[in-house]
Amino acid sequence: MNEEQSPEKLETAEAQAPAQRKFELVDFEQFAGAEEPPAGENPADGPSAETAEQAAEPSDDPPKMDFSSSGRLIWTWESMEDESEADQDIEPDDEDRPEEIDSEDEPPADKRKKARKPEKVRTEPTPEAAYKFYTKSVKKTGGRAPLSTVLCLPAAYLTLAAVYGWPLPGFVTDIVNYLLAGLLILQLIVCYDVVFRVFYDLSCGKLRAEGLVLVAALFTGADALVGKSGIAYCAVPMLGLCFGLWGLCQRNAAMRRTVKILATAQEPDCVITAENHWNNLNCTLQTSRPLDGFILDLEDTDLAQAFMGIYAPAAVALSLVLGVIASLHSGSSFLSTVSAILCGATPVAGVICFSRPFANLAKNLSHSSAALCGWTGALAADGTDAVIVTDQDLFPEGSVTQSGVKVYHDYSPSQVVSYAATVLAQDGGRLYDAVLPLLENLHGQTYDCGDYRTYEGGGLGAEVRSNIILVGSMSFMRLMGVPLPDGAAVRQAVYVSINAELAGIIAIHYEAAPSVRAALQTLLDCRGLKTVLATRDFLITPAFVKQCFRLKSNRFVYPSMAERSQLAQKAPASRELRAAVLSGPGLRSLARALVGGRQLYNLTRINLGCCLFSGVLGLALLFYLTFTGAVYSLNPANVLLYAAVWSLPPLLISRWVGDK
């Protein structure tokens, strides 16, 4: 309010302030998927019941109430947006007003249930804003990543030369540790993104792979500056920081390519995995669902981050405890002992377990105008049992055409085509699109029809202008008892029967696209994945698809006609998980995204397994060596070689993703 108010008006406005908040009963389940807010930014505690006298007093906290027996409802409030309405009395509706509880019946404070805090709702940026952000991040990290690699080279040579007696200038030999400490400080400056990320994780109460590397860097740097027990282990955390910066750069590059598909696509399609969609199978299908929340799913925590969030704190704690034990037993320096154990327990490639294969997959998928939804997409791809393939997937628009019509008895071509188009229009498949140009050329028309039905034998039927019309394949006509004259056998054609009498044949030509053939072969070769033909076209059967696309096998699942029609409608499922986004329809893009997501899931698990195994094994070995005082085996050069060798598997096998 800009105008000055009298003390009476101020008191009145102050007394009315609690009533100017709009209360709303909200389902608590909507907060279940939200990310936990950082410390210090949580909303006010969920309210519990207050007495009537306390509720009348002005307060900045929202009203409180106990959870019901189901524990599902909470009270929230929204501040009024229009400041001009701040001095108006706004009374909540009776149904939204919290029930007042008498103070005498109020349970003791120590027996009340503690209300859960509603978590902070994450806001999703637009694809354009996300693309600009990740483009800027790639330029920042990508420019310093090579410099970080260069800094590792002199540190590695100093460590190896000091241990194995390689040539070094005389004055350098006396200050090796100081040089290593200086290089480590320079590496921390160059990799400041990794350091900031560690502090952000710590503010959220988390310690991940980057945090383990930073702890090792602090101990090795302190040992290099103040320790007096030989060469320091600074080269190992420097290698870990280098991997951390490269991993962050690759993650940003993968995110940038992914959101670019969202930002540039005119009408993107969403690939989803629907739980128990058909026959108790999780099915993947391409739909036109809204893409709201896609970027939030893209930025979710991956498997490597989740497991490293458990391993890193345990490794730091065990290293400190075992370092104390080993230093007391062997009489060695505490800093040197803990530094050695920490370096052995640090998998330097742990930060690229997911980011490197994801970056390679995002690069390969971008050539097909497709993008995987991060780790959420990998989970959806690996969790699917079957992929739904429709007529539009097999034969895009324009690939099904007619080659002419042949009529029998006294029926005219216009009449035959009109009746056929009327029945095919009810199905809405590619056959109607193929017949439509012929209908226009013959100046035909479609009619109202009734009693439309589908037949398992491969045909359609309806009543058109008091005539019983059957439209189907040659085998369907024989099954329905329609007499076929000599010379009426056509391999791919639509047969039209009027009142149980053959009226005409419309020849159909299917153009098999090479990209669709490659996609079908990729899906058929994927182990554990079923390909379901949900085609409405009665001419498209597993045998025809194998012959048309020259496939090695026809291991297709071919449901009943009613089930195929239902699956082709792509109705929303009770629970869906986003897998990928496509900039346009295309079975090739869907197949590459689906198979690539399954590869990403498996490779991430393999990378994580190698890193965790190397970390646990290194912790045990370094504790044993420091405990027994094995001087010849326990040196920074061997620890550096150990860390470098175990970083090779994640680097090499990550190149396999997205090959198909």
For residues that are open to solvent by less than 20 Å² (accessible area, probe 1.4 Å) and in contact with a strand residue (DSSP E or B) (Cβ under 6 Å, 6 or more places away or on another chain), tally how many sit in the range 478-507.
11
If we keep only residues of the range 378-417 that are in contact with a Lys or Arg (Cβ under 7 Å, 6 or more places away or on another chain) and not acidic (D, E), then the residue surrounded by the fewest Cβ atoms within 10 Å (Cβ to Cβ) is A386
State all residues of the range 348-358 that are open to solvent by less than 10 Å² (accessible area, probe 1.4 Å) and not in a helix (DSSP H, G or I); if no residue qualifies, say none.
C353
Give all pairs with beta carbons closer than 6 Å in which a residue from the range 620-648 that is among the hydrophobic types (A, V, I, L, M, F, W, C) meets a residue that is part of a loop (DSSP other than H, G, I, E, B) and surrounded by fewer than 19 Cβ atoms within 10 Å (Cβ to Cβ); count only pairs at least 6 apart in sequence or on separate chains.
L625/S633
Given (1) part of a helix (DSSP H, G or I); (2) exposed (fewer than 14 other Cβ atoms within 10 Å of the Cβ), where does L520 come up short, assuming only one miss?
(2)
On the basis of being basic (K, R) and farther than 19 Å from T273 by Cα, does K552 make the cut?
yes
A371 vs. criteria touching a residue at least 40 places away in the same chain (Cβ under 8 Å) and farther than 27 Å from F538 by Cα:
yes
Can you pull out the residues in the range 267-292 that are among the small types (G, A, S) and either crowded, with 23+ Cβ neighbours inside 10 Å or over 16 Å from S589 (Cβ atoms) (or both)?
A274
R256 passes all but one of the listed conditions (1) modelled with pLDDT of 95 or more; (2) open to solvent by less than 20 Å² (accessible area, probe 1.4 Å); the exception is number (2)
Go through the range 418-477 and give me each residue that's of a type in the set (V, I, T) and either surrounded by fewer than 17 Cβ atoms within 10 Å (Cβ to Cβ) or free of Cβ contacts under 8 Å to residues at least 12 places away in the same chain (or both).
I468
Which of the residues belonging to the range 293-346 are under 33 Å from the mean Cα position of the chain (by Cα), open to solvent by 20 Å² or more (accessible area, probe 1.4 Å), over 25 Å from A253 (Cα atoms) and among the small types (G, A, S)?
A314, A317
Taking the stated definitions as given, is R588 of a type in the set (D, E, K, R), under 20 Å from the mean Cα position of the chain (by Cα), in a helix (DSSP H, G or I) and closer than 30 Å to Q392 by Cβ?
yes
Does at least one position in the range 176-185 carry a residue that is of a type outside the set (K, R), modelled with pLDDT under 90 and open to solvent by 60 Å² or more (accessible area, probe 1.4 Å)?
no
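The values are calculated or read from the model by the stated rules, or taken from the named source; none is laboratory data. Computed from a predicted model, the values in this text were never measured in an experiment. Because the Cβ atoms are built from the backbone with ideal geometry, glycine has one as well, and the counts that use them run over all protein chains shown. These area figures cover heavy atoms from the full protein model, side chains too; ligands, DNA and RNA do not enter into them. Shrake-Rupley method; radii C 1.70, N 1.55, O 1.52, S 1.80 Å.
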